[in-house]
Number of protein chains: 2
Amino acid sequence: MTTSTQHTNVILTGDRATGPLHLGHYVGSLQQRIQLQHQYQQTILVADMQGLTDNGHNPQKVASNILNVVADYLAVGIDPNLTTICLQSSLPALAELTMYYSNLVSISRLERNPTVKNEIQSKAFGRSIPAGFLTYPISQAADITAFKANLIPVGDDQLPMLEQTNEIVRKINHIAGKEILVECQALLSNVARLPSTDGKNKMSKSMGNAITLGADSKQISQAVKSMYTDPNHLRVEDPGTIEGNVVFTYLDAFHPDQNYVAELKEHYQRGGLGDGTTKKILEACLQDLITPIRQRREEYLSDKAYLVEVLKKGTEKANQETQLVLQDVKSAFGLNLF
Amino acid sequence: MTTSTQHTNVILTGDRATGPLHLGHYVGSLQQRIQLQHQYQQTILVADMQGLTDNGHNPQKVASNILNVVADYLAVGIDPNLTTICLQSSLPALAELTMYYSNLVSISRLERNPTVKNEIQSKAFGRSIPAGFLTYPISQAADITAFKANLIPVGDDQLPMLEQTNEIVRKINHIAGKEILVECQALLSNVARLPSTDGKNKMSKSMGNAITLGADSKQISQAVKSMYTDPNHLRVEDPGTIEGNVVFTYLDAFHPDQNYVAELKEHYQRGGLGDGTTKKILEACLQDLITPIRQRREEYLSDKAYLVEVLKKGTEKANQETQLVLQDVKSAFGLNLF
């Protein structure tokens, strides 16, 4: 990063408000955001509208998690004075931009989007896919462009979403005859996706294979105890395998002393190190990590008025920014009568 | 109509702002609206957003017609003190409601909508159909419900749209646990659709087969002269056919003396009445009808600030109404933090 780019890069990131955040979020995005807020203009969108695209009939799942997610952010160290934290459903410009962009994207283009294709398959929607779900890449393009964000922290599975956004940006700029919207690029993380505790599925609280940032001491302990290791490592003296061993993956991700982790791995591979021991080491490390986060999280959640205030203030700022972009797009369409 | 319903019926109607209004609109909806505004709470939506659903790449076609359409309304006698005239793109609640409803309607349900099916075929979209076009029934449901409209003046080809709206109403009310949205019904007109002057296609200014409300004397004259009659009525003394004879359809629709029209028909059928004569009679009648409308229309268009003011005032009123409904829907989804 050069000095000249420090003040021009604008980051948009966010989370679907469909559950409390967990260690996967911590490693995959939260830690990065804590760093980025010091370097860039960063906005975090609490994506309740996107959460509804596959929870339309169960909106409480989304609504009940909004303040939890804000508490998670503050608890890990996201500073609302450095990062704008805002609520998607309270930013009308995002819905309005989605309407404009929808006229420039074909249904077949949406159906070809590999990210959406995979998600449709994994959710087994079939033909009953809600319109809002198929079209959510358009809504996401509205989110990104409304903040003139040019750097989007994503995994490489999300690259087709950004390509779709940039197609829309180019179409709108073509209609406007000038660059009113900004193309974005991925800020790819070098962190591998954290596996679930069972080593099988995508981490999800509802599947009981995730350790949330609000997990209590007992939950952490139980989660580590039930963690997937090496199924062929039957006796302590046997050599064990590191690859696919979730305990070691978590030690890689969370243990503060990576030299010590390297030693443990060597010991485990040559035999003589039991899973009970590695799990105890991991548990201690996760308790150390999560305990202060959980405590801060509980403090924040005991003062919901403060969380609402943080979100409201961020949303007001975001409204100002996104309304300006909406006005530019409306002007490009000639719709600026008043 | 009974007295008890006079103040409870709410009408929403509107036009896509994709061209100036023509005699088809006059017969099919404008005359009815002039009556209805005295009986009901009536809102007319200048549907610029819907106009964009198949003009996304040519937005000027929509933008340039907004004030023309408002001038058409005022020129025919729609009174902004009785009817709320408002602009779709300046009502954010409509876009936001569309987003919520989109999560409750499947793509296959949209593809089954017969009205949309026909329109997709007639526009030859194929798979390149814009997302905004396939999903416009959802946007239309947002329009209708945002005003709590219960009576929608439509042709019977639009009944599937209202059924789709009512499905959404029931889903939202189910989520809310109470009746926050109102089911609508069609206010079917007993007026047949006015044919195009060539008797072939749907009337459309771009196809040159429509007489607009701003047509000048010469345009009216030419349109009537080129009107489709009875192709087998070669000599004046021959018996002529009334059915499919556009001149007589227009005389039915516009001549103030229908007994005289009945006499003309009889004469034409028994022979001895030439098309030149019937066209002269029709032309005189259309000049009488359109001349004052055109003059008022021109006066209004010479004072665009007034038209903008009318539209702005109506839009402000509409914003108040639609925001209340949006708040109800957001509350139903639990999204009323601030």
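Just one of the listed residues (B:136, B:100) is over 23 Å from the mean Cα position of the chain (by Cα) and either assigned by TED's automatic domain parsing to the domain that holds residue B:320 or surrounded by 24 or more Cβ atoms within 10 Å (Cβ to Cβ) (or both), and it is B:100.
Results for (1) in a helix (DSSP H, G or I); (2) in the same structural domain as residue B:152 (by TED's automatic domain parsing); (3) touching a Phe, Trp or Tyr at 6+ places or on another chain (Cβ under 8 Å); (4) among the polar types (S, T, N, Q), shown as yes or no for each residue.
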position: B:12; (1), (2), (3), (4): no, yes, yes, no
position: B:25; (1), (2), (3), (4): yes, yes, no, no
position: B:29; (1), (2), (3), (4): yes, yes, no, yes
position: B:38; (1), (2), (3), (4): yes, yes, no, no
position: B:71; (1), (2), (3), (4): yes, yes, yes, no
position: B:78; (1), (2), (3), (4): no, yes, no, no
position: B:86; (1), (2), (3), (4): no, yes, no, no
position: B:94; (1), (2), (3), (4): yes, yes, no, no
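Being over 30 Å from residue A:88 (Cα atoms), part of a helix (DSSP H, G or I) and of a type in the set (D, E, K, R) holds for only one residue in B:321, B:309, B:237, and it is B:309.
So that you can scan it fast, the table gives a plain yes or no per residue for (1) away from chain A (no Cβ under 14 Å); (2) not small (Gly, Ala, Ser):
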position	(1), (2)
B:259	yes, yes
B:287	yes, yes
B:311	no, yes
B:314	no, no
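Among the residues in segment A:16-33, are any surrounded by 23 or more Cβ atoms within 10 Å (Cβ to Cβ), of a type in the set (Gly, Ala, Ser) and under 14 Å from the mean Cα position of the chain (by Cα)? Within segment A:16-33, one or more residues are surrounded by 23 or more Cβ atoms within 10 Å (Cβ to Cβ), of a type in the set (Gly, Ala, Ser) and under 14 Å from the mean Cα position of the chain (by Cα).
Can you go through A:230, A:328 and tell me which one is buried (at least 16 other Cβ atoms within 10 Å of the Cβ) and assigned to a loop (DSSP other than H, G, I, E, B)? Going through A:230, A:328 in turn, the sole match is A:230.
Scanning segment B:241-254 turns up no residue that is in the same structural domain as residue B:30 (by TED's automatic domain parsing), within 22 Å of the chain's Cα centre (by Cα) and outside any loop (DSSP other than H, G, I, E, B). With respect to (1) assigned to a loop (DSSP other than H, G, I, E, B); (2) out of contact with any Pro (no Cβ under 8 Å at 6 or more places or on another chain); (3) closer than 21 Å to residue A:20 by Cβ; (4) not aromatic (Phe, Trp, Tyr), the lone exception for residue A:214 is condition (2). Restricting attention to segment A:158-204, the residues being acidic (Asp, Glu), surrounded by 14 or more Cβ atoms within 10 Å (Cβ to Cβ) and under 18 Å from residue A:104 (Cα atoms) number 3.
Would you check if residue B:64 is closer than 30 Å to residue A:90 by Cα, small (Gly, Ala, Ser) and within 14 Å of another protein chain (Cβ to nearest Cβ)? Walk me through how you get there before you give the answer.
Numbers: closer than 30 Å to residue A:90 by Cα: no; small (Gly, Ala, Ser): yes; within 14 Å of another protein chain (Cβ to nearest Cβ): yes.
For residue B:64, the condition - closer than 30 Å to residue A:90 by Cα, small (Gly, Ala, Ser) and within 14 Å of another protein chain (Cβ to nearest Cβ) - is not met.
Being in a helix (DSSP H, G or I), closer than 17 Å to residue B:225 by Cα and not hydroxyl-bearing (Ser, Thr, Tyr) is the filter here; which residues of segment B:268-288 pass it? Within segment B:268-288, B:275, B:276, B:279, B:280, B:281, B:282, B:283, B:284, B:285, B:286, B:287, B:288 meet the criteria. Look at residue B:34 and say whether it is of a type in the set (A, V, I, L, M, F, W, C), in contact (Cβ under 8 Å) with a residue 40 or more places away in the chain and assigned to a strand (DSSP E or B). Considered against the rule, which asks whether it is of a type in the set (A, V, I, L, M, F, W, C), in contact (Cβ under 8 Å) with a residue 40 or more places away in the chain and assigned to a strand (DSSP E or B), residue B:34 comes out as no.
Scanning segment A:49-56 turns up one or more residues that are within 13 Å of chain B (Cβ to nearest Cβ) and free of Cβ contacts under 8 Å to residues at least 40 places away in the same chain.
Could you tell me which residue of segment A:298-309 is nearest to the other protein chains (Cβ to nearest Cβ), considering only residues that are among the aliphatic types (A, V, I, L, M) and surrounded by fewer than 20 Cβ atoms within 10 Å (Cβ to Cβ)? Only one residue fits best here, namely A:308. When restricted to residues that are without any contact (Cβ under 8 Å) to a residue 12 or more places away in the chain and β-branched (Val, Ile, Thr), segment A:101-146 contains 1. Please determine, by comparing only the residues of segment B:105-151 that are assigned to a strand (DSSP E or B) and facing chain A (nearest Cβ under 7 Å), which one is nearest to residue B:163 (Cα to Cα). Only one residue tops the list, namely B:106. If only residues of segment B:68-96 that are within 22 Å of residue B:215 (Cβ to Cβ) and surrounded by fewer than 24 Cβ atoms within 10 Å (Cβ to Cβ) are counted, the one that is nearest to the other protein chains (Cβ to nearest Cβ) is B:68.
Here residue B:337 passes the criteria (1) surrounded by 14 or more Cβ atoms within 10 Å (Cβ to Cβ); (2) free of Cβ contacts under 8 Å to residues at least 60 places away in the same chain; (3) in the same structural domain as residue B:81 (by TED's automatic domain parsing); (4) not acidic (Asp, Glu) except the one numbered (3).
The values are calculated or read from the model by the stated rules, or taken from the named source; none is laboratory data. Fair warning: this is a prediction, and the values are worked out from it, not measured in the lab. Positions of Cβ are generated from backbone atoms using ideal geometry, with glycine treated the same way; all protein chains shown enter the neighbour counts.
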